[in-house]
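Q: There's a structure below that I have some questions on.
What follows is calculated from the coordinates using simple rules that are stated; it is not laboratory data. If you're wondering where the values come from, they're calculated on a predicted model, not measured in any experiment. Here the Cβ positions follow ideal geometry from the backbone for every residue, glycine too, while neighbour counts run over all protein chains shown.
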Amino acid sequence: MCARKTAVAAATVANLGPGFDVLGLCLEGPRDTVTAELTATGRIELVDVSGPSEVVARLGGADALDNCAGVAARAVIEAFAPGAGARLWLDKGLPLGSGLGSSAASSVAGALAVAACIDPNLPKEMLFPATREGERLATGTPHPDNVAPALFGGIVACLQGEGESVDIVTLPVPRGLMVVCVKPDFEVKTADARAVLPKEVPLGDAVKNLGMMAGLVKALASDDLRLLGRCLDDRLATPYRKRLIPGYEDAVEAALKAHALGAGISGSGPAMFALCGDRDDALAVADAMVEAFERRQIRAHAIVSGIDRQGGHVV
Ligand code: HSE
């Protein structure tokens, strides 16, 4: 059996701008780390979960197949080493239920660590379906817009095909683009945030999103940050989900006042994101958004990050 292998995968911002279930980007951190070794038992075992005590209290001691890292690892084994088992060690760097792609980071790190034990040359594209199984367990849907950027890095668009098939298109990352994520101190479960979405949306809203999507792609390709800022709005999910985030409007207003290009909900929330043209703006925007939540007696934490182009990887 192989030596232990360790892989990392970072936080992600899904539903970027008008790209509900389509566009996501990869942050430089925080990251989840999974160490794996293969066994001959045919079972997946989650040996240990480490990280902040409240996270360990929720995830520690669970069956491996109740954990997205374990489910993604099992999917890799079923595909590439049927009959084998694996022992996993998970170190959680991401908060749970945050809108920062916590389940995706565990899924991707789990899939990569086990894959590295089986065959270090397995291409990431072949692991993508396994990472979505982890997401399916955690959120009730294998939505791709967190696992794709966590696996491939950069800014990606997920093109949904027949059934659950998804093709990944990598988009350009403008020079110097910075991301601010601010997580207020409460949780929103992705399944709950999906439950508030309507089955149908007004045609006018769909048309607005389509226009913004075209503008956003052009803006990324041409380093046009002004255009990018105009194209970060969303009419498909945000109008229904913002009521799950007390302080949402104030935080957006504070971000724009502090010269963010645009702001919105990160994934299914409650974290919010803002894009900024440089690090100084990003630091000011982070402070402004945290203060906006604190004015409502809601504690909040900010992450200021560039966009990671490498994606999940073995360390
Ligand atoms: N696209 C997913 C959703 C992202 O909004 O439900 C979850 O982080």
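Q: Please state the shape class of the range 1-75: rounded when a/c is under 1.5, otherwise prolate if a/b exceeds b/c and oblate if not, all from the C-alpha gyration tensor.
A: On the way: a/c = 2.05, a/b = 1.72, b/c = 1.19.
Note, shape of the range 1-75 comes out prolate.
Q: Which angle between 0 and 90 degrees, to the nearest 10, do you get for helix 68-80 versus the longest principal axis of the chain when only C-alpha atoms count?
A: The helix 68-80 is inclined about 60 degrees to the chain.
Q: In degrees, nearest 10, range 0 to 90: what is the angle between the Cα axis of helix 279-294 and the longest Cα principal axis of the chain?
A: Computed tilt is about 90 degrees.
Q: Cα centroids of the range 150-164 and the range 258-315: how far apart, whole angstrom?
A: After rounding, the separation between the Cα centres reads 22 Å.
Q: Give me the aspartates and glutamates in straight-line cross-link reach of residue 189: C-alpha distance below 15 Å, same-chain residues under 8 apart excluded.
A: 135
Q: What does the convex hull of the Cα atoms come to per residue for the chain, in Å³?
A: 118
Q: May I pose another question? Which shape class applies to the range 153-301: rounded if a/c is under 1.5, otherwise prolate when a/b exceeds b/c and oblate if not, where a ≥ b ≥ c are the square roots of the Cα gyration tensor eigenvalues?
A: Details: a/c = 1.76, a/b = 1.14, b/c = 1.54.
Here the range 153-301 falls in the oblate category.
Q: If one takes the longest principal axis of the Cα atoms in the chain, at what angle in degrees, from 0 to 90 and to the nearest 10, does the Cα axis of helix 124-139 lie?
A: Between helix and principal axis, roughly 80 degrees.
Q: Here is a further query. Return a whole-number percent for the relative contact order of the chain, with Cα pairs under 8 Å and 6 or more residues apart as the contact set.
A: It rounds to 24 percent for the chain.
Q: Is the range 5-171 rounded, prolate or oblate when judged by the Cα gyration tensor, a ≥ b ≥ c being the square roots of its eigenvalues, rounded requiring a/c under 1.5 and prolate requiring a/b larger than b/c?
A: Here the range 5-171 falls in the oblate category.
Q: To make sure I understand, if each residue's beta carbon is the centre and we count other beta carbons within 10 Å, what order do 136, 194, 226 fall in, fewest to most? Please report the intermediate quantities before stating the final value.
A: Details: 136 19, 194 16, 226 10.
Ranked by crowding around the Cβ, least crowded first: 226, 194, 136.
Q: Determine which residues of the range 248-272 fall in the zone a paramagnetic label at residue 224 would reach in this model, i.e. backbone nitrogen under 18 Å from the point 7 Å along Cα→Cβ.
A: From the range 248-272, the list is 261-262.
Q: Just from its helices, what would the mean residue ellipticity at 222 nm be for the chain, if runs of 4 or more DSSP H residues each count -39500 (n - 2.57) and the sum is divided by every residue, rounded to the nearest 500 deg cm²/dmol? Before the final figure, lay out the partial values.
A: On the way: 11 runs with 120 residues, N = 315.
Rounded to the nearest 500, the figure is -11500 deg cm²/dmol.
Q: Express the relative contact order of the range 178-305 as a whole percentage, based on alpha carbon pairs under 8 Å and six or more residues apart in sequence. Could you put the intermediate results ahead of the total?
A: On the way: 214 pairs, mean separation 50.9, N = 128.
The normalised contact order for the range 178-305 reaches 40 percent.
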